[in-house]
Amino acid sequence: MNLPVVLGLLVLAYLLGSIPTALWVGQRFFGLDIREHGSGNAGATNTFRVLGKKPGSLVMAVDVLKGWAATSLAQVMLNQGAIREDQLLYFQLACGILAVLGHIYPIFAGFRGGKGVATVLGMMLAIAPLTVGVCLLVFLAMLFIWRYVSLSSMTAGLAFALLQLLPPFRPDNSLLLIFGFVLAGLLIYTHRANIQRLLAGTESRVPLFGRR
């Protein structure tokens, strides 16, 4: 293992995740700190809620790209001969997790970020694109029916874990299966306030085609 290369790219993964997309978009184009409005999270969902569809879509796209790019740094490690091929998944997960941590605790924004859902999506898209593709369909279907991003995110996360139990989606490495269930649990945990609002009927809906 080439330790300097590995450590350098791991740090880069965190820095990529730390790009505070929602904060910068809010400040640059609207002159506000997104963390002082709506739910207080610097993420795509709150950007949709506070700033609208176009800024929200931009933030979501960049946050997904952050997770994908950071996770793909593991392939760079492999191409540089810094890690072995049998270590690739471990470093994909390490890079992805660091990016998610960077999104939640961004060094460029006083360690106050978002929940990391879009960055997790990008991370898993780099590791298991077929499974994530199905989960995206689940997310969109739930969003179209209920218009709750939080509920759609939790459902898609649970779908990712459960799909891996089926032969067409079963990973070669059982670590990814375990990680899928841990990820689903973390998504539910980080959305516990949203769950309370869903039960109380006070969770904000995302407008679709002019519907609220």
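The values are calculated or read from the model by the stated rules, or taken from the named source; none is laboratory data. Computed from a predicted model, the values in this text were never measured in an experiment. We place every Cβ from the backbone using ideal geometry, glycine too, and count neighbours over all the protein chains shown. Side chains are part of the model used for accessible areas, which takes the heavy atoms of the whole protein and leaves out ligands, DNA and RNA. Shrake-Rupley method; radii C 1.70, N 1.55, O 1.52, S 1.80 Å.
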Scan LYS54, LYS66 and give me the residue that is at pLDDT 95 or above, within 22 Å of the chain's Cα centre (by Cα) and among the basic types (Lys, Arg).
LYS66
Condition met for LEU16 (closer than 30 Å to GLU85 by Cβ, open to solvent by less than 50 Å² (accessible area, probe 1.4 Å) and either in contact with a Leu (Cβ under 6 Å, 6 or more places away or on another chain) or not acidic (Asp, Glu) (or both))
yes
Spot the failing condition for THR190; the list is (1) within 28 Å of LEU51 (Cβ to Cβ); (2) at pLDDT 95 or above; (3) open to solvent by less than 60 Å² (accessible area, probe 1.4 Å), and only one is missed.
(2)
Could you please find all residues in the stretch 19-34 being more than 17 Å from the chain's Cα centre (by Cα) and either closer than 28 Å to LEU93 by Cβ or open to solvent by less than 10 Å² (accessible area, probe 1.4 Å) (or both)?
TRP24, GLY26, ILE34
Filter the stretch 96-113 for residues that are buried (at least 17 other Cβ atoms within 10 Å of the Cβ) and among the hydrophobic types (A, V, I, L, M, F, W, C) and give the result.
ILE97, LEU98, ALA99, VAL100, LEU101, ILE104, ALA109
Residue check, LEU125 closer than 21 Å to LEU12 by Cβ, open to solvent by 30 Å² or more (accessible area, probe 1.4 Å) and in contact (Cβ under 8 Å) with a residue 24 or more places away in the chain:
yes
Report whether or not LEU78 is of a type outside the set (Gly, Ala, Ser), open to solvent by less than 60 Å² (accessible area, probe 1.4 Å) and over 26 Å from SER150 (Cα atoms).
yes
LEU136 being farther than 14 Å from PHE160 by Cα and either open to solvent by 10 Å² or more (accessible area, probe 1.4 Å) or of a type outside the set (Lys, Arg) (or both):
no
